[in-house]
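This report concerns only the one structure given below.
The values are calculated or read from the model by the stated rules, or taken from the named source; none is laboratory data. Quick caveat, the model's predicted, so the values are computed rather than measured. Here the Cβ positions follow ideal geometry from the backbone for every residue, glycine too, while neighbour counts run over all protein chains shown.
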Amino acid sequence: MSEGIYDLPEERRRPPRGSGQRPRALVPTIATLVLLVILFSVFTDIWTQRLWYKSIELGSVFSTVLGTRVLLFLVIGVLMSAAVVANVIIAYRTRPRVALAPSPSPGFERYGELLQLRGKLTIAVLAAVMLVFGGSAASGEWRVFLAWRNRTPFGVNDQHFGKDISFFVFDYPWMRVLLGFGYSIVLLSIVAAVVTHYLYGGFRPSAKGQKASAAAQVQFSVLLGVLVLLKAFSYWLDRYGQTTTDSRLFTGISYTGDNAILPSKEILAVIAVICAGLFFANVVRKTWLLPGVGTVVLILSAVLLGALWPAALQQIRVRPSEPDREGPYITKNITATRQAYGLENVKVNEYAATTTTSPNQLAKDAEVLPGIRLIDPSVVGPAFEQLQQVRGFYSFPPVLDVDRYKIGNEVRDTVIAVREVQISGLPQGQRNWNNDHTVYTHGYGVVSADGNKRDAEGEPVWSSQDIPPKSQLGTYEPRIYFGEQSPDYSIVGGNKDNPVELDTPEGSASDQPKMFNYAGKGGVPVGSFFNQLLFATKFRDLNVMLSGRVTDTSKILYDRHPRDRVEKAAPWLTVDGDPYPAVVDGRVVWIVDGYTTSANYPYSQKVSLEDSTDDALTDRGAVAVQASQDINYIRNSVKAVVDAYDGSVDLYGWDESDPLLKTWSKAFPGSIKPRSEISPGLMAHLRYPEDMFKVQRDLLAKYHVTNPGTWYSNSDLWRVPVDPTQGAAAENARKQPPFYLSLRMPDQKDSKFSLTSVYVPNQRDNLASFLAVDAEASSPDYGQFRILRLPDTNQIDGPGQVANQFQTNEQIRQALLPYTGPTSGARAEYGNLLTLPVGGGLLYVQPVYSSRAAASGSYPVLRFVLVGFGNKVAFGTTLQEALDKLFSGDAGVDDPNDPKDPKDPKPDPEDQTVKAALAEAQKAFTDADQALKRGDLAAYQAAIRKAQAAIQRATNANNASPPPTNGTPNPTPTAPPSTPTGGGGPAAITPPLSRPSGGGTVPPLSIPSGG
């Protein structure tokens, strides 16, 4: 290279300006405008978040999170920026005057020339990029930092290193974060140094002889030494990480891990330290021989010690006697898993369930049976919609909730939902900005029904209904401004003298709609020009600034879903997927369970939160899917309450012994209220959380076993059955959901509100056990798990097998024929299949609903109750009737919830057979009429004969003797009917269809005139 780029004259260094070049100010101006737009967008997001937190009186949460993120952004960002820039400057200042070899590309020198001419600008841009890159990544780790900064001891040591669990949950994750940023800083510094030395000739891999200048060699040696030193620290940390590493069998240190992986990590850490010393020594010796040898040794050691040695030990020593080798480590895994998931005190009782039935068998359980919930919250949503929607802009969730209320002198299981506004239900002509955001702003009232009752038509028996509310739940503020279906934002409270918010719709032609002006404390003031500009930018809607309905007193409501509000108020919580409404102390509130979780509890089994909580009801509009994350520790640490009127969020510490809750209470002082402040009215509606129960039941399917040998062999492995209402063969069949029920376990004196589920053996469908947890928050046994384990010598049918019996039983099939036939005009829908430990065995109860098929305005009504006990099944129009038929004519309990007059005679047991036969006759008569119109006499006569035969079957069934009292249904008579002389039969038969929403009647069975 005859002329160095540093010796060029200034006129040759400055690139010539083309005659057609745009003015220099244009590009900076555009860049400045773009930067200002980005900065204003960021500012808008931050400031509106601040206003939101201030509106719920949790501004300290916002300031703590923002302050922590800014701190991490600056510290890590500045460190990364300073390290990279420093290495560039060092490389530039120690550049050789003459390059070691010519540049491989003639134009490559131009980059060095530009860097020299625009050095300060280049350094500034590089520093800014590194600051943003490192700071942005670091600010996302604010949770890890705050947890480490406010860590609380668990008071329990791990089973291998003897360290407090808090080291693994708080310290270890933060060390990993720091190590990751350390790697990033050093690697980026190496890249920056290599590029700079290469630009200025201090590093030329293609050069003959010396490939790097002395200064470059020193700089590279130091940086590589630091990198290898970080690797040594990583090897040392890996030892602690083994406690939460998944092996083929379990999470935690295995025999191979203890005897091969842990020693290899320690040896590799020492080798890495020595290798780093060789790189540092290269600063003085300036030869790459020793660092190169050290690197090769480190790599070979990593292969031999880190991979081949553990693999050989596993294959040669462990696999031939794996149960014995892994036994002690399996025991550690079982102990830690039960601790981390709160399963240490599970009561497992042998339950010698009987399969025989006899009269009065349920007499001892008389107080339990009337509480069996027949109203399925996952089915009756359309009934709530059609009977209590009132207007199309109101809506209910597809899956309702179950709670309990004291009505009169008794506590009842109640199916409950909130009537929310849903602007998508407005006619298209009424959709405009004013209606969407200022008129239809809130829902109105709570609708609830007794869980164990139905009226004579099969419809729910309301305990709270209508507008204005007629409620047995007490008086309450009915307006719902915050809910699961609320609009994305509404502007309220700005027209006190002329309200524009629709409160209640008109009731008749003379009854005008009532309007309302929001007066709650919730919401963010939006009257000022500055706030209007912010929210117009946030929602990308200029109407916020232009509308005359936005006044000085207006407020804007946003982030209104209860889950979203709790997640923002407590961003360290994992929130349950199903908030539920309750009427508490004259207010409608949403109760949301919050969990503290971790994936770093030593030896505890990791599970996927998303997979464990998934079941047949998940992701059905109301039940949210959990995040895809692994956990191995969970506590229901917080009960959160969101007021449906003003949106206020109250966080109550529930599991106050939880170290994670204590840690976050220190990080956000004053944000969590003590458990003692929970009012009695609220306590009555708190319940055991569903998602946590799902996780625990998944673990108990295997971890009910405490013997390591049995655990290893999987000889006592259970699983949650597939939801039988889907059918085992259904595509993507999912697990049966748990059910909230009031029941009494064999070791309990009184009935308790419980969350229940069942297990079947792995790869089999008979019942293995019944699981229940006391779900009443006020109960001293709250959270107590009880398992009724069934003997292996006596097979009890599982949910899938019982569902199969229900659907294949001839009498039940005939009864459902009017709702399942291809021309029935109706359809049957099976409700939740409940399991209860009563009568010394296990009783299955399943409601069956009917509705008009593919008809606008149809909704399900309860028609039948199916019951099963042992290998017998029965059905009835009421639970009482079904139980009496099942237990030899008298179950020993009277159902006070029977909608029929007790003085009325019991329905004919063959009534459903009669109805099925007459439905068939109806179809035959219709076919005959059509054939007669066509002039097809042969088809006409055939249809008439078919109708006559069906009517004869109905007559025979009606005159048949009652069925035997052992619960076994009578078969349909098979004797050939006598042929009547004419087309006789009832002139009008009304099959039991659901009542149309318009109050119409079902057309009668008509006989063709030619019959």
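Here are some notes:
Listed here are the residues, each with its yes/no results for (1) within 30 Å of Leu278 (Cβ to Cβ); (2) in the same structural domain as Val78 (by TED's automatic domain parsing); (3) acidic (Asp, Glu); (4) within 30 Å of the chain's Cα centre (by Cα).
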| site | (1), (2), (3), (4) |
| --- | --- |
| Ala127 | no, yes, no, no |
| Leu146 | no, yes, no, yes |
| Arg151 | no, yes, no, yes |
| Arg176 | yes, yes, no, yes |
| Gly180 | yes, yes, no, no |
| Val191 | yes, yes, no, no |
| Ser206 | yes, yes, no, no |
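- Per-region count, region 399-448, residues under 20 Å from Gly483 (Cα atoms) and of a type outside the set (Lys, Arg): 31
- When region 390-440 is limited to residues that are among the polar types (S, T, N, Q), in contact (Cβ under 8 Å) with a residue 24 or more places away in the chain and within 20 Å of Gly621 (Cα to Cα), the one that is surrounded by the most Cβ atoms within 10 Å (Cβ to Cβ) turns out to be Ser395.
- Region 237-254 - residue that is in a loop (DSSP other than H, G, I, E, B) and polar (S, T, N, Q) and, of those, nearest to the chain's Cα centre (by Cα): Thr245
- Hey, Glu322 of a type in the set (Asp, Glu) and either over 30 Å from Asp781 (Cα atoms) or not in a loop (DSSP other than H, G, I, E, B) (or both) or not: yes
- Restricting region 891-913 to residues that are in a helix (DSSP H, G or I) and surrounded by 19 or more Cβ atoms within 10 Å (Cβ to Cβ), the residue that is modelled with the highest pLDDT: Thr913
- Residue in region 228-236 that is touching a residue at least 24 places away in the same chain (Cβ under 8 Å), surrounded by fewer than 17 Cβ atoms within 10 Å (Cβ to Cβ) and of a type in the set (Lys, Arg) present: no
- Of all residues in region 775-798, those being aliphatic (A, V, I, L, M) and outside any loop (DSSP other than H, G, I, E, B) number 2.
- Test for Gln795: is it over 20 Å from Pro738 (Cα atoms), surrounded by fewer than 21 Cβ atoms within 10 Å (Cβ to Cβ) and free of Cβ contacts under 8 Å to residues at least 40 places away in the same chain: yes
- Residue, farthest from Asp401 (Cα to Cα), within region 617-645, restricted to residues that are surrounded by fewer than 21 Cβ atoms within 10 Å (Cβ to Cβ) and of a type in the set (Gly, Ala, Ser): Ser628
- The sole residue among Gly798, Gly783 that is on the phi > 0 side of the Ramachandran plot and of a type outside the set (A, V, I, L, M, F, W, C) is Gly783.
- From the options Leu771, Leu816, residue that is more than 29 Å from the chain's Cα centre (by Cα) and not in a loop (DSSP other than H, G, I, E, B): Leu816
Listed here are the residues, each with its yes/no results for (1) over 28 Å from Gln159 (Cβ atoms); (2) in contact (Cβ under 8 Å) with a residue 24 or more places away in the chain; (3) out of contact with any Gly (no Cβ under 9 Å at 6 or more places or on another chain); (4) exposed (fewer than 13 other Cβ atoms within 10 Å of the Cβ).
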site: Ile267; (1), (2), (3), (4): no, yes, yes, no
site: Val273; (1), (2), (3), (4): yes, yes, yes, no
site: Gly277; (1), (2), (3), (4): yes, yes, no, no
site: Val283; (1), (2), (3), (4): yes, yes, no, no
site: Leu289; (1), (2), (3), (4): yes, no, yes, yes
site: Val303; (1), (2), (3), (4): yes, no, yes, yes
site: Ile316; (1), (2), (3), (4): no, no, yes, yes
site: Arg325; (1), (2), (3), (4): no, yes, yes, no
site: Ile330; (1), (2), (3), (4): no, yes, no, no
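- When residues of region 66-84 are limited to those that are buried (at least 20 other Cβ atoms within 10 Å of the Cβ) and of a type in the set (Val, Ile, Thr), the one farthest from Gln116 (Cα to Cα): Ile76
Every residue, every condition in (1) in the same structural domain as Val845 (by TED's automatic domain parsing); (2) crowded, with 17+ Cβ neighbours inside 10 Å; (3) in contact with a helix residue (DSSP H, G or I) (Cβ under 8 Å, 6 or more places away or on another chain), yes or no:
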| residue | (1), (2), (3) |
| --- | --- |
| Phe693 | no, yes, no |
| Ser713 | yes, no, yes |
| Asp774 | yes, yes, no |
| Phe785 | yes, yes, yes |
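- For region 483-497, filtered to residues that are in contact with a Ser or Thr (Cβ under 9 Å, 6 or more places away or on another chain) and of a type outside the set (Ser, Thr, Tyr), the residue that is nearest to Gly621 (Cα to Cα) is Gln485.
- Checking each residue in region 123-165 for being loosely packed, with under 15 Cβ neighbours inside 10 Å and part of a helix (DSSP H, G or I) picks out Ala124, Val125, Ala128, Val129, Val132, Ser136, Arg149.
- Unique match (being in contact with a Gly (Cβ under 8 Å, 6 or more places away or on another chain) and in contact (Cβ under 8 Å) with a residue 24 or more places away in the chain) among Thr335, Thr354: Thr354
- Scanning region 447-483 for residues that are without any contact (Cβ under 8 Å) to a residue 40 or more places away in the chain and either charged (D, E, K, R) or farther than 15 Å from Leu387 by Cβ (or both) turns up Pro468, Lys470.
- Qualifying positions in region 517-555 - assigned to a strand (DSSP E or B) and buried (at least 18 other Cβ atoms within 10 Å of the Cβ): Val524, Lys555
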